[in-house]
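A short write-up of the structure that comes next.
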Amino acid sequence: MDSVHALTQTGTSDRADRAVGDQPAPDLGIPLYERTTAHAPAWATTLARKYLGGTVNQFILHGNVRDLVQATQPDDQLSYKDLITFLTEELFQRRQAIAVYSRAKGITFQNQASRTDFDQYLQAYDTRNGTSYARQRLQDPVLALQLLDQYFRLRLHDGKRIACIIDFAETVIPMAETAAYSPADRNAIVILQQWAHDRFFLQHDFTACLIAENLSDLNQQHIQSPWTGEILVPMPNASDRLTMVQWHCRNQPDDFQAHSEVSMENLADNTAGLSFVQLRSILADTLTNRVRLTFEKLSEMRKEMIEEAAFGMLEFVATDYNLDMVAGHREAKKHLRQAAIALRRGRRDVIPMGYLVSGPVGTGKTFLVTCFAGEIGVPMVKLKNFRSQWQGQTEGNLEKILYLLEAMPPVAVMIDEADAALGNRSAQGDSGVSQRVFGQIATFMSNTKHRGRIIFFLITARPDLMPIDLKRQGRAEEHLALFYPSTRDLRLELLQVMMRRTGLDIPVEDVPEALLNGECTYSGADMEALLTRAKFRAAALGGENTKVTAEVLAHVVDDFIPPTYPEQVELQTLAAVLESTSRDLLPAPYNSMPRDEVSRRIKELTLMID
């Protein structure tokens with residue numbers, strides 16, 4: 001039997017098992033299930049099943065809750081409604097009273113009969129208690145919930161079917177330490193918990209829905225309660241987006257074709273991570289404003305919309321380069337090219353869950369990762385500072401970021417300075433924020449369904465400071481170690497890349513040997529700075545000829561003192577040696593250096609620097 005049919009036919013009897021005395025069997029009243037349709041949102045089906053299970057009547061809707069919801073009309077025609085309208089008109093259509101509360105609007109009802117009935121209740125309450133609530137908007141959450149609690153109990157006793165929707169629930173039961181709650185906040189939590197596990201409410205046809213974008217913004221005790229159900233409202237997938245595009249263009253198909261070089265199918269495929277509202281904005285720009293939609297414009301609009309949705313905490317990284325632009329690091333490039341080939345062949349099952357890229361400063365870690373993204377042709381996003389000074393905001397920011405990443409595959413995620421950004425299980429002194437951040441990231445990275453779809457690159461010069469939980473197999477599985485060029489050929493290769501970047505063309509015979517084969521080790525950043533200084537000196541000499549000559553370059557190389565911190569660089573180098581998961585990545589003499597000797601030297605350097 002079809003699951004929707006099964007729900008419709010067995011749900012009433014299942015629910016009746018918990019009816020008491022002469023109480024009628026609760027009726028969820030979801031007409032959209034009675035119209036067996038392929039357009040019913042999966043999350044709504046999940047909510048119905050949990051409710052009909054008989055143990056949960058309170059749900060927390062989170063995720064893409066500010067978007068439109070795909071609904072089906074009685075004539076089997078599609079429509080798109082905001083979440084609260086969908087809940088009131090579709091999910092709870094048969095409820096005799098549907099109350100909606102938010103701090104901004106107070107208490108509202110979805111039909112005049114229930115509004116009038118509640119007003120009469122308030123008038124009677126005012127007469128009995130000498131109050132004047134009937135003339136107020138009732139925005140205070142504790143007062144509103146107390147009045148609704150008494151009203152619901154009366155009407156449920158009369159056999160009415162009731163639903164209550166609390167919008168922006170994070171303003172009613174915000175996340176905070178228990179000691180920080182005011183008496184009013186605690187009263188609001190107690191009322192909602194009573195609705196969730198009070199036998200009277202469970203025995204009657206009552207449902208409460210709390211709406212919030214991030215679970216981490218809500219009281220954690222309430223979220224973790226077995227009496228509440230968490231329902232994730234997901235971002236639309238490619239099939240959902242195509243249906244939306246076709247529906248929106250149903251009356252203007254010729255106009256869309258005339259003003260778009262992107263087909264409807266390509267538009268749906270290339271808007272991963274966008275909501276229905278954002279997709280509608282793109283379509284309106286094409287159909288109403290007659291702005292031609294090109295692949296370049298679509299890519300630009302998508303990046304802008306996702307960055308705005310992430311409140312600037314995600315930044316798209318330009319990936320116009322490929323691994324041919326990287327000097328040196330031959331073994332690391334070889335491995336990444338093999339991964340790129342596997343991705344292009346659709347072998348996502350062999351791709352590491354994530355990479356740890358380590359090495360001393362100036363070895364081009366970030367540039368290598370950026371070039372790899374260009375090599376495989378997937379977008380690369382950089383995780384920016386998501387930490388906040390306000391309690392609970394950091395966790396909410398990270399939850400929002402991870403939720404967007406979930407909707408964007410395939411995508412590569414770069415986290416620079418990962419040792420500082422990702423927290424630690426044992427961190428102290430920040431009220432547990434770093435521990436919770438670490439937990440969120442670790443759980444997300446170990447989700448095997450992300451393999452080959454969301455590729456993490458954790459970049460750090462101090463991998464020894466990162467918790468082993470993030471570096472283990474199943475998370476950052478491959479550890480790529482990068483080092484300064486150690487041979488003349490590698491230094492020459494790096495110098496030639498830096499000359500192209502700085503616009504110089506100096507014959508190899510004019511390059512001082514000290515730059516290519518001397519005792520001083522130059523990083524890519526050092527070489528770029530040295531060549532820029534040579535250009536500056538040539539320009540400062542004046543005259544019409546400002547070309548960098550062999551004499552100018554020799555003088556600059558002799559004069560240049562790269563800023564070196566030998567102990568720190570050695571520590572970073574040895575830390576990368578110890579973290580490398582491939583012996584081929586290690587240059588001589590590190591590839592034969594005993595690991596216990598590396599560990600001992602790291603401890604010595606750490607004590608020396610501290």
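The values are calculated or read from the model by the stated rules, or taken from the named source; none is laboratory data. Source: prediction; values computed, not measured. Neighbour counts are summed over all protein chains in view; Cβ atoms, including those assigned to glycine, are modelled from backbone coordinates with ideal geometry. Note: areas computed on protein heavy atoms with side chains; ligands, DNA, RNA excluded. Shrake-Rupley method; radii C 1.70, N 1.55, O 1.52, S 1.80 Å.
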> Percent of alpha carbon pairs in the range 408-567 separated by more than 27 Å?
Replying inline: 48
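Which value at 222 nm does the chain reach when only helices count, each DSSP H run of 4 or more adding -39,500 (n - 2.57), with the total divided by all residues and rounded to the nearest 500 deg cm²/dmol? Please report the intermediate quantities before stating the final value.
Details: 26 runs with 280 residues, N = 610.
Computed mean residue ellipticity for the chain: -14000 deg cm²/dmol.
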> Quick one: accessible area per residue over the range 279-383, 1.4 Å probe, rounded to a whole number of Å²?
Replying inline: 46
>> Probe of 1.4 angstrom, ligands and nucleic acids ignored: what's the accessible area per residue over the range 462-531, in square angstrom?
In response: 45
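Work through the residues other than His62 whose Cβ is under 12 Å from its Cβ and net out their charges, Lys, Arg +1 and Asp, Glu -1. Could you put the intermediate results ahead of the total?
Values: positive: Arg66, Lys400; negative: Glu170, Glu213, Asp217, Glu230, Glu399.
Residues close to His62 contribute a combined charge of -3.
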>> For Cα pairs less than 8 Å apart in space and 6+ apart in sequence, what is the mean separation divided by the residue count of the chain, i.e. the relative contact order in percent?
In response: 11
>> If you consider only alpha-carbon coordinates, what radius of gyration and Dmax does the range 309-380 have, in Å?
In response: 13.0, 38
> What FRET efficiency, computed as 1/(1 + (r/R0)^6) with R0 = 30 Å and r the Cβ-Cβ distance, is obtained for Glu89 and Asp119, rounded to the nearest 0.05?
Replying inline: 0.85
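Kindly report the accessible area of the range 50-167 per residue (heavy atoms of protein chains, probe 1.4 Å, no ligands, DNA or RNA), in Å².
43
Viscosity 1.306 mPa s, temperature 10 °C: Stokes-Einstein D of the chain from its Kirkwood Cα radius, in µm² per second?
Details: Rh = 28.5 Å.
D = 56 µm²/s.
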> Which whole-Hz ³J(HN,Hα) couplings does the range 249-259 yield from phi under the Karplus relation 6.51 cos²θ - 1.76 cosθ + 1.60, θ = phi - 60°, glycine and proline marked x?
Replying inline: 9, 4, 9, 9, x, 5, 5, 5, 5, 6, 10
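Can you give the Kirkwood hydrodynamic radius of the range 147-222 from its Cα pairs, in Å with one decimal? Show your work: numbers first, answer last.
Working: mean 1/r = 0.0753 Å⁻¹.
Taking the inverse mean of 1/r over all distinct Cα pairs, the range 147-222 comes out at 13.3 Å.
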> What range in the chain is the longest one free of chymotrypsin sites (Phe, Trp or Tyr not before Pro) that are in a loop by DSSP and have at most 14 other Cβ atoms within 10 angstrom?
Replying inline: 1-310
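Tell me which trypsin sites (Lys or Arg not before Pro) from the range 315-376 have a DSSP coil assignment and no more than 14 other beta carbons within 10 Å of their own.
On the way: sites: Arg330, Lys333, Lys334, Arg337, Arg344, Arg345, Arg347, Arg348, Lys365; in loops: Arg345, Arg347.
Of the trypsin sites (Lys or Arg not before Pro), the ones in loops of the range 315-376 whose Cβ has at most 14 other Cβ atoms within 10 Å are Arg345, Arg347.
In the chain, what percent of the accessible surface is made up of carbon and sulfur (1.4 Å probe, ligands and nucleic acids excluded)? Please list the in-between numbers first.
Numbers: 13720 of 28340 Å².
Taking all protein chains in place, the chain shows 48 percent carbon and sulfur surface.
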